[in-house]
Structures are given as structure tokens and as C-alpha cells.
Amino acid sequence: MYQMKCTKCGGLAVVNMPQHRLKLCEEHFLEWFPEQVVNIIRRYDMFAPDDRVLVAVSGGKDSLALWYVLDRLGYETEGMYINLGIDHDDYSNRSQEHVEAFAAEHGLEYQVVNVAETYGRGVPALISTTRGHRMCAACGLVKRHIMNRIAYEGDYAAIATGHNCDDEAAVLMQNVLHWQTGYLRRQAPVLPQVHPRLARKVKPLCRIYERDVAAYALVRGIDYIQQECPYSKKAQTLFYKEILNQIERRSPATKQQFYITYLKAKDEGLFAEGEEEGRVYHTCPRCGQPTLADDLCAFCKLWENL
Ligand code: SF4
Ligand code: ZN
Ligand code: ZN
């Protein structure tokens, strides 16, 4: 039987990464992965070694692998789990259990925000208030609002999320196909802090393929929730990920080139500044967060419309 050999030591390889022309044994893969994360953090100047970082964890492989690796690299982290109140298959509670078990196993600090307990209703109740009944739009808004609040209250240098290269490339493809120029300008490994109450957001896994993050979680024995959010089936992103993976199978490294070349082009000024630069924020009279609206912020309006 054909056995893959590790590019570094000739031992038995457990992962094959054609996009890097690398096959690695378990030992070398476990070395390689954190090195990549450190390189990404430094390349995009995400945060400093002594910064406090809030890690947004969902219980899935990407965010738990990120939390694990940041902690191992010596960064000061705290996890934050937002219980959205998605009760289909007890999804939110089961995800929370994975986060809690993971934190207990590794001695990590975390906090939980329970949407239904804090705001009266879970996120699924908001579906009727969104245009076209798009659950993920409301959910994203709620998550961003809570993340900004917790980061501000806890004075964190940044919020780290587990977005991987597949996530970023899929969003990029979606935005390119629809020429969403505003979104294109804003998509980046780092979203700077534009207001004291709008936290800096960073994506330390943004250049790593989803499959390789999954391999890391597996090799490290991270017990994550395998079940997808029941609403994710409707998310367009999955469709674009599959198309990109089909291209990748024919032509390895296309996915990372697509994303990384776009980031370089942006750095070189290929995308002109848009009207979003220099925007004036008002303070939401209800929650105190900054908003571009004259009255209530989008988050507060969502609950108001219920
Ligand atoms: Fe929220 Fe949509 Fe993600 Fe589910 S798939 S957690 S509804 S954004
Ligand atoms: Zn090796
Ligand atoms: Zn508000």
C-alpha cells in the first residue's frame, strides 16, 4: 500500500497539503500549525504578545483550535461563548457544553452570554423581523453587538475569531460575483478599532485551509461540536466553498491565491477608499453603542420590531 512520506523527516505523513507542496507527519504538523498562526498574527500585526485577546468560541473546530493554539503560544486569552438560544436539536446548549468541557480540560477562562436570558428571547425569535427572513443576518448582528460590548467592558485589545481560508475565500467569491464593493473594501484579516466601543477584530487562521484546521483539531484530540447550525444549510457560503474546493482539486493552491492576491492588491491601493471612511457615529440612545443611524442602532431596532 502507498504511504505518504513526511517532506521534513521521511516518516509516515498524516496530512497532505498540496497548496504548500507539503506532506507532514504528526510531529511536524503539530509544529507547523502554530508557526503558521504566529506568522499570520505578525504579518498582519494583529496583536502584541502581551495583549489580552477575547476569543469568540462557538464550540466548533475552528474557534476551539484557535483558542487552543493561542493559549499554547502563550497569549493571554479569554473565551466568549454566545448562547443564541437555537433550540433545534438543542444546538446552542450542546455547543455550550463543548466549550465548557474544553475550557475545563485546558484550564481556560471563559464567559457565556445567554441571549434569551439577557434580552428576553433567543435569536430564532428574530427571524420574522429580518428582510427576506434571513436568520443569519439577524444572528450576525446580535453576535457583533455582544462581542463589541464584552470587548469594551473587559478592555480587550482584540476579538479573535476562527475564520479560516475557506470561509474568507467563499465570502470573497460571493462579494466579487455580486461586485459588492463596500464589502470588498472591508473584508480583511484585521478590522481596526474605528471607535472605542467597536473592538478590533482579527482572524489568525485566515490563511489556513479548513481541512488543515480540522486535521489539527483531530490530531490534538479537541472534542468539538460536529453538528452544523440548523440554519447554516441555507447559508450561501457553503455553496461557494464547495465550488472553490472543486477548483482546488483541479488546481491546488487556487483558493489561497484567490484570497491572498486580493489582500495584496488591496494593500497596493487597488481599491479606492469609499464613503465609509470618515463616517460620523452617533450614540444609540438605548444601548450606548455607536451607530450610523440617527436614532436606535440596528441591534436595538431588531428587538423593537419584535
Ligand atoms: Fe447564526 Fe447563521 Fe451562523 Fe447559525 S449559521 S450561528 S444562524 S450566523
Ligand atoms: Zn516529519
Ligand atoms: Zn442600540
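The values are calculated or read from the model by the stated rules, or taken from the named source; none is laboratory data. Because the structure is a prediction, the values reported are computed rather than measured. Glycine gets a Cβ as well: all are built from the backbone with ideal geometry, and neighbour counts include every protein chain shown. Quick note on the areas: whole protein, heavy atoms, side chains included, nothing else; ligands and nucleic acids left out. Shrake-Rupley method; radii C 1.70, N 1.55, O 1.52, S 1.80 Å.
Things worth noting here:
- Qualifying residue in the range 265-283 (condition: more than 16 Å from ligand 3 (Cβ to nearest atom), assigned to a helix (DSSP H, G or I) and open to solvent by less than 100 Å² (accessible area, probe 1.4 Å)): yes
- Selection of the range 143-185 for residues being modelled with pLDDT of 95 or more and part of a loop (DSSP other than H, G, I, E, B) yields 154, 155, 156, 157, 161, 162, 163, 164.
- Failed item, numbered, when residue 55 is tested on (1) farther than 18 Å from residue 217 by Cα; (2) touching a strand residue (DSSP E or B) at 6+ places or on another chain (Cβ under 8 Å); (3) open to solvent by less than 60 Å² (accessible area, probe 1.4 Å); (4) not in a helix (DSSP H, G or I): (1)
- Residue that is most open to solvent (accessible area, probe 1.4 Å) [pool: residues in the range 1-25 that are near ligand 2 (Cβ under 8 Å from one of its atoms) and touching a helix residue (DSSP H, G or I) at 6+ places or on another chain (Cβ under 7 Å)]: 8
- Breaking point among (1) open to solvent by 70 Å² or more (accessible area, probe 1.4 Å); (2) free of Cβ contacts under 8 Å to residues at least 40 places away in the same chain, for residue 121: (2)
- Top-ranked residue in the range 48-82 [being hydrophobic (A, V, I, L, M, F, W, C) and touching a Lys or Arg at 6+ places or on another chain (Cβ under 8 Å); ranked as nearest to residue 209 (Cα to Cα)]: 65
- When 60, 85, 140 are screened for being at pLDDT 95 or above, within 17 Å of the chain's Cα centre (by Cα) and open to solvent by less than 40 Å² (accessible area, probe 1.4 Å), only 60 passes.
- Taking the criterion of being over 18 Å from residue 147 (Cα atoms), touching a strand residue (DSSP E or B) at 6+ places or on another chain (Cβ under 7 Å) and of a type in the set (D, E, K, R), the only residue of the range 184-240 that qualifies is 212.
- Residue within the range 248-264 that is surrounded by fewer than 16 Cβ atoms within 10 Å (Cβ to Cβ), assigned to a helix (DSSP H, G or I) and over 22 Å from the mean Cα position of the chain (by Cα) present: yes
- Here residue 235 fits the description: within 22 Å of residue 140 (Cβ to Cβ), of a type in the set (Gly, Ala, Ser) and in contact (Cβ under 8 Å) with a residue 40 or more places away in the chain.
- Subset of the range 26-52 [within 18 Å of the chain's Cα centre (by Cα), open to solvent by less than 60 Å² (accessible area, probe 1.4 Å) and either within 16 Å of ligand 2 (Cβ to nearest atom) or of a type outside the set (A, V, I, L, M) (or both)]: 33, 34, 36, 44, 47
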